[in-house]
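What follows is a short report on a single structure.
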Amino acid sequence: MTATLDTRPGAAGAAEVSAVDPGEPGSATPTPKGSIARNIGSMLLGRFFVAGLGWAGSIAIARSLGSEEWGQYSFVFGLLGLLSVITDLGVGRVVLSRLVGDSESETRLVASSFIALRLGLGLIGYAAAVGFVVLAHYPGVVVTATAIAGLVVVIATPSHSLTVLYQSRLKLTVVSVIESLSQIVQLAATVIAVIVAPVLLVVVIPAVLFELVSLISKGVVLHRGGLGFRPAKRIEIWRWSEMLREAFPLSVGFALTVLLTKIDIPLLSKLDSFDAVGHYAIAYKFSDLVSMIGIAVTTPLVTVLVASWPERLEEFRGRMRDAAVLTTLLGGMAVIGIWPSAAPLVRLLYGPDYADAATATRLLVLGAGLSSFTLLGVMTLVSTGRLRTFPVIAAFGLVLNVIANVVLIPRMSFEGSAVATVGTEIVVCVLIWATVLREVAIGDLFPWRTMLGLVGLIAVLTAAVALLAPADSVVGIVLGVVGALALPVAARVVGITDSIDPRRMLSGPAPTDSGPDPTGSGPDGGGPHGDGPDTVGPDLVDTATVVEPTFFGPASTPLFGTVHRPVSGVARAGVVMCPPLGKEQIDTTRGVRMLAEDLALSGMVVLRMDHLHTGESWGEQDSPDAVENWLAGIGHAVDHVRGTGVGEVVLVGLRAGGLLATAAAERIDGLAGLVLWDPVLRGRTFVRGQTQLFRMAVAADSAGSSLRGHTDDVVDIVGAGWHRHTAQALSAMSITLESLPDCPVLLATSDADLASAPARALLHDERPAGRVEVVRTVDPTAFVTPPSFLVELPHESVHAIGAWIDQLLPTEPLVVQHRTRSWAVVDGEPAAPGSTSVITEIVTAPDRPLVWITRPAHGVAHSGLVVHSTAADIRTGPARLWRDLAVEAGRLGAVTVRYDRRGVGESGRVQRADDFAPLHSPTSITDAREVRDLARSLTAGPLTHVGICSGSWSASRVALDVADDTPEHLDRVVLVNQLTWRRDAPVLGGDAPFSAEVAGTTVDTAPSLRGRLKPIVARFAPYPLFDAVARLGVMQSPRLLLRPLAKAGIETHLVFGTRDYEHFLSQRGLQALSSVSRSGRGPSVHVAPGGDHPGFHPVVREAVLTECLHAVALDGREQS
């Protein structure tokens, strides 16, 4: 596709693919309104200015050299353009997504490594260019010219990597100014060269000057803080393989595309003559101007397409349709303009010797217009991550183009090459857009009627100006200009583009005509529930609602909750959502949040609460009076919602939350309704099932025992440890007709549960408030008790419940106010200075993870803990481990920082198509680094990172990154049940597969052939071979991570349950410990007597608490 290249002889970027380096889907951030317009405008103006000056220079060179030398000059720069196959490789796609989304420290490291990689590729490209002309036996003057001009490649590759940095901050206006000034320098040098020494070896030098000036200027602006960051001084070579691996599908496609479009220059030089190459290069000069249209439109646009996919499909569709029309309109104007003017323009600019290049000029301009449209299709595939077919299409186009050139060049010379190019472009364009329409399944993505009408109008105007123009007359130039300007006017007059406004593409998301509905309802008052469960867009949630984490209730027993409310400050009613208990509370967090978002959009104030003794709320989980406090806490939640100004309040209880909500409703006056969502109808059945589940799933390796020292007063379930009085009180509770409040009740449950005796009993008798209404839902197992951390969101249940509540509650809006409490005393009494009370503070920031800081209420913390959660686990941890650790550390005088990764718990929007936040992703690393920096600001003492499984990987990764940046300030790590032992672990989630080791709750793997071979390799392979296989991701070698930790001097503590330790030994864990101890400070190892992998078993939790609190106590002693 000629639109992706800038290979005009003597012009900027002669050997480089232009800066169309798209971001990775979903990683870019939304751009400010108007920034796209400024960048497209500056790109267009800057590129046309550069092209105009470059064109003037090429005219001077063509007129001063003979046709043979001009052909050699054109061949040299055409060859350098062809070698962008080597010098680009599409790595900017990977880099741009990380430059847009990562923290400053990560951005600096990525930038420096990227620049070094591109420089290395430039050196390889230079060697390839010189080697080719030598081995192909080109004339000596061509070899020497290639050696001189090839310096363009060496300089341009780091220069264009800086352009990607500027693109990441939408600073392309700066790039346009720099390249324009550089082109002025090149033109001046060209004029001097053609006057003083008009020979091939001299006139190639100005192109080198262009790249040199451009590189230096971009570097100076960057060094002075023009982008807000500077590349790091350290280069991490290990990132190169990651960049190249992730860029592979796109790089293959673009490499084949470059070969497709530029193979004709070498073929012409061999099948015809340098004179033919010179004529063909003149035709290319005109087509390159059209190619810039596609580049200028897609370069800034792709960042926005990435940001809008897949959450904002309406915005994606609108911008794509407008971009398609704009690209076609501009390309059509070029075709209409060049058709009658090609002959007089070529004669006027280059002289009569090149007049016969007019036909090739027309054809190549047509091909460039097609290529610009093809480029838009490719960028659509890139933005949506649908890249698999692109290399196949490009390979097919390359083969077709080579065959056509070999057949047509001997018969038609350079005009045959132009015909081959146009034919290939037509085929590739059709195939690319057919792929787009098949892979990107969005209705009305392509404006068929508008495009067909526009193409027809272009054909009519082209034929008209061609028929009216005299042969080889200046009148043709005038008619070309008039015809080109007439196209947009005619398109508007005949109504072809009435429904399209290209300005929408340039100005960012447009507001709705009427603004947000003050009630939060849709146009029919039905809220977001009218068309199905997935009709709520994340943008609407972000802009029409406010999310406010807060503490509430009595100061002595504070509860934690999250309020969702309309941003307008008015609401119809209120909803309190009572969560389940134990692990079910963690697993259902995002699904419950999804319902809260929908209800807030319907104009309600919604409070999602943590019961007392659970989550972030006050109280120990094994308190004997927990049930009574749970019921009182629900009453406090209703009071808090009513305190915002709403009148009617509905209770929603999920699982055990439904059992508690029913009991609490007897104490609450004036409830508007009660929703029982897959409720626990009999407490005894629930407690028995949960204790059995603990014995089978968590304590299976401990003969079903918790292995506690004293278990008489503790009943263990998956995710909690209750006092026996709590279990007894909960067992005595049940939902019956007599226990239901005097208000409308909805029972939302599955057919299987509805067939149970307790459920049937609720449906037989009449109540004063009416019959219990029933909504049948799907089996809730994959949502409530999933077998792994991959939780299925309950779309149908959310839609049905939201619709019922929406219809039940009044529509009259009321003014509401909500005051948040960002901190609370969670241990001890709020007392005078000198007390040992512990507080927890909530820290929020836009587009950042939500953070909980637990610290002593008075004084400065002597050290700190940073907790990294596992997979979809939230900041409280398994069975509230991390919250309990934070409180205990606070009692000892340390600060603990916990957080929900973006896409987990309370951080980030709910992705309704797939709500799992990938592991080991750049975003998760960024979150972890930023949280660590926050912890460092809270204490001058040592920091300890702790996590389980993938959380321990995050802990080790951050500690190593910190050691690289500030080796004088080392953090400590406590790694619990770690499975991944590579610093550069691959991303898991999204399109990446999960292994059984990571996705499951144990370390067992399926008995596959690979699973049977791994122990053999681990046992018998030489250690270097074992490590090499592990680096490929086939298996894990603990030494790959433990060795760099030891070499950096990072104090490391390993904690394992029994089966995880056996797994560690099977991966040569003991040999790793021995090897590491010889190269640095070896880790300590703590093996619990039993336990499970996720850390729900008490012995694992106790081992973690012991290691962390021991470290905190030592830190406190050293600081004192």
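Here, each number is a calculation from the coordinates, and none is a lab measurement. This is a predicted model, so every value here is computed, not measured. Neighbour counts run over all protein chains shown; Cβ positions are idealised from the backbone, glycine included.
Above 15 angstrom, tally the Cα pairs of region 180-232 and express them as a % of all pairs, no decimals.
53
Please rank V687, V1085, fewest neighbouring Cβ atoms within 10 Å first, as an exposure proxy.
Ascending number of Cβ neighbours within 10 Å: V1085, V687.
Just want the ordering: M379, M609, from fewest to most Cβ atoms lying within 10 Å of their own Cβ.
Fewest-to-most ranking of M379, M609: M379, M609.
Mind listing which trypsin sites (Lys or Arg not before Pro) in region 393-500 are in a DSSP loop and have 15 or fewer other Cβ atoms within 10 Å?
none
Work out, step by step, the length gained on full extension between S273 and S1084: first 0.36 nm times the residue separation, then minus their alpha carbon distance; give nm to one decimal.
Value of the extension gain: 284.6 nm.
If each residue's Cβ is checked for other Cβ atoms within 10 Å, how do W238, W823, W677 rank with the fewest at the top?
Exposure proxy ranking, most exposed first: W238, W823, W677.
Can you compute the FRET efficiency between V220 and V427 using 1/(1 + (r/R0)^6), with r the Cβ-Cβ distance and R0 = 60 Å? Round to the nearest 0.05.
The calculated FRET efficiency here is 0.85.
Using θ = phi - 60° and the Karplus relation 6.51 cos²θ - 1.76 cosθ + 1.60, list the HN-Hα couplings for region 337-348 in order, rounded to whole Hz, with x at every Gly or Pro.
With the stated coefficients, region 337-348 comes to x, 7, 4, x, 9, 4, 4, x, 5, 5, 5, 5 Hz.
Which entries of K218/K262; K218/K1047; K171/K262; K171/K270 have Cα-Cα distances beyond 32 Å here?
Violating the 32 Å limit, Cα to Cα: K218/K1047; K171/K270.
Points 7 angstrom from Cα along the Cβ direction at V474 and T144: gap in nanometres?
With each label point 7 Å from Cα toward Cβ, the separation is 4.2 nm.
Would you grab the residues whose amide H sits under 5 Å from the one on V775? Only those 5+ places off in sequence or on another chain, please, with H modelled 1.01 Å from N.
Amide H neighbours of V775: L747, A748, T749.
Using θ = phi - 60° and the Karplus curve 6.51 cos²θ - 1.76 cosθ + 1.60, what whole-Hz ³J(HN,Hα) does each residue of region 359-366 get, with Gly and Pro shown as x?
5, 4, 4, 4, 5, 5, 5, 4
Return the long-range amide H neighbours of A857 (sequence gap of 5 or more, or a different chain), with a cut-off of under 5 Å between placed amide H atoms.
Answer set, sorted by chain and number: S837, V838, I839.
Given H placed on each backbone N at 1.01 Å, which residues far from M604 in sequence or on other chains put an amide H within less than 5 Å of it?
The answer is R572.
List the trypsin sites (Lys or Arg not before Pro) within region 653-698 that fall in a DSSP loop (any state other than H, G, I, E or B) and whose Cβ has at most 12 other Cβ atoms within 10 Å.
R667
Each residue of region 421-437 in order: what ³J(HN,Hα) in whole Hz does its phi give by Karplus 6.51 cos²θ - 1.76 cosθ + 1.60, θ = phi - 60°, with x for Gly and Pro?
4, 5, x, 5, 4, 4, 5, 5, 4, 4, 5, 4, 6, 5, 5, 4, 5
Once you place label points 7 Å from the Cα toward the Cβ at D669 and V493, how far apart are they in nm?
It works out to 7.7 nm between the two label points.
For a Förster distance of 51 Å, can you work out the FRET efficiency between the beta-carbons of L452 and L348, rounded to the nearest 0.05?
0.90
Once fully extended, how much extra length lies between S1077 and A755, figured as 0.36 nm per residue of separation less the alpha-carbon to alpha-carbon distance?
Additional length available on full extension: 109.8 nm.
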